[in-house]
Amino acid sequence: MLEILASFGLAARLIAGADPELVHTVALSMGVSMAAGFLACVVGLPLGALVAVASFPGRRAAVVFLNALLGLPSVSVGLAMYMLLSRAGPLGSLGILFTPVAIIWAQSILVTPFVAALSRQVVEDAWREYREQFASLEVSALRAVRTLLWDTRYSLLTVVLAGFGRAASEVGAVMIVGGNIAGVTRVMTTAIALETSKGDLPLALALGIVLLTVVLGLNIVAHGIRDWSVRRYG
């Protein structure tokens with residue numbers, strides 16, 4: 001028990017003293033997660049909205065498929081990305097395996113269906129309310145998508161923040177395609193796994209505290225924005 005308390009004390013010192021390794025790991029993790037979240041939103045938000053408003057054969061199957069991808073195993077994505085980006089793979093010539101770019105790609109693939117599935121539900125709820133109005137004005141599906149994305153922007157912001165949190169907390173795929181190389185591809189989640197296995201609890205605890213703070217902070221902001229938008233717009 002005393003050893004654990006001492007580890008927490010050392011972890012607090014690392015955070016308060018802005019330990020260089022800690023700061024670099026956190027900065028890299030935030031950078032790749034924000035980039036992956038941005039790419040996932042660029043693709044996932046319009047995709048989810050389009051599935052919500054468009055009428056096409058197989059739409060129900062598309063909805064089920066999107067929802068199923070919410071449980072997509074991260075290690076499976078990591079394995080698939082590794083085979084694509086390795087020297088023997090079709091994209092091996094790009095030379096991005098074990099680089100931050102590979103991590104961004106893997107996280108984007110994992111977060112995109114997450115964003116698409118959640119945004120589809122948000123936009124579909126709004127679509128049910130305005131569908132007859134859009135039909136009377138003969139609004140095209142693409143224009144309806146743009147309008148509904150803007151109209152539900154506050155609710156969708158919570159989806160965006162949740163997507164970022166999903167990327168920041170990812171470990172399986174990141175470990176496979178990033179290689180957990182110190183100073184290059186070591187992010188918070190992979191560093192926590194490594195330092196724990198090495199028995200270096202202070203650094204692992206410090207990173208874990210920062211990661212929990214980020215994730216909890218995002219959830220608090222997301223709920224706050226959602227509640228504010230409900231109070232303001234009903």
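Along the positive direction of the dipole of the chain (beta-carbon charges: Lys, Arg +1; Asp, Glu -1; about the Cα centre), which of L194, V101, V53 reaches farthest? The residue sitting farthest along the positive end of the dipole is V53.
Taken along the Cα-to-beta-carbon direction at a fixed 7 Å, the label points for R146 and L91 span 3.0 nm.
Computed over the chain, relative contact order equals 32 percent, with contacts defined as Cα pairs under 8 Å that lie 6+ residues apart.
Charge dipole (Cα centre; +1 on Lys/Arg Cβ, -1 on Asp/Glu Cβ; no other charges) of region 57-183 amounts to roughly 180 debye.
I'd like the distance between the alpha-carbon centres of region 19-77 and region 165-195, rounded to an integer number of Å. When both Cα centres are located, 18 Å separates them.
The calculated P(r) of the chain, using every Cα pair and 10 Å bins from 0, goes 8, 27, 29, 21, 11, 3, 1, 0 in percent.
Eigenvalues of the Cα gyration tensor times 5, then square-rooted: what semi-axes does that give for region 180-234, in whole angstrom, largest first?
35, 11, 6
Springs between Cα atoms under 10 Å define the GNM used for the chain, and in it the highest mean-square fluctuation of S76, S119, S33 occurs at S76.
For the chain, a simple Cβ point-charge model (Lys and Arg +1, Asp and Glu -1, everything else neutral) yields a dipole of about 500 debye relative to the Cα centre.
Considering only the other residues whose Cβ falls under 11 Å of the Cβ of T158, what net charge follows from Lys and Arg at +1 and Asp and Glu at -1?
Charge balance near T158 sits at +1.
Between D227 and Y130, the FRET efficiency estimated from the beta carbon spacing at R0 = 22 angstrom works out to 0.45.
No lab work stands behind these numbers, since they all come straight from the coordinates. In this text the structure is predicted, and so the values were computed from the model without any measurement. In this analysis, Cβ positions are derived from the backbone assuming ideal geometry, glycine residues included, and neighbour counts consider all displayed protein chains.
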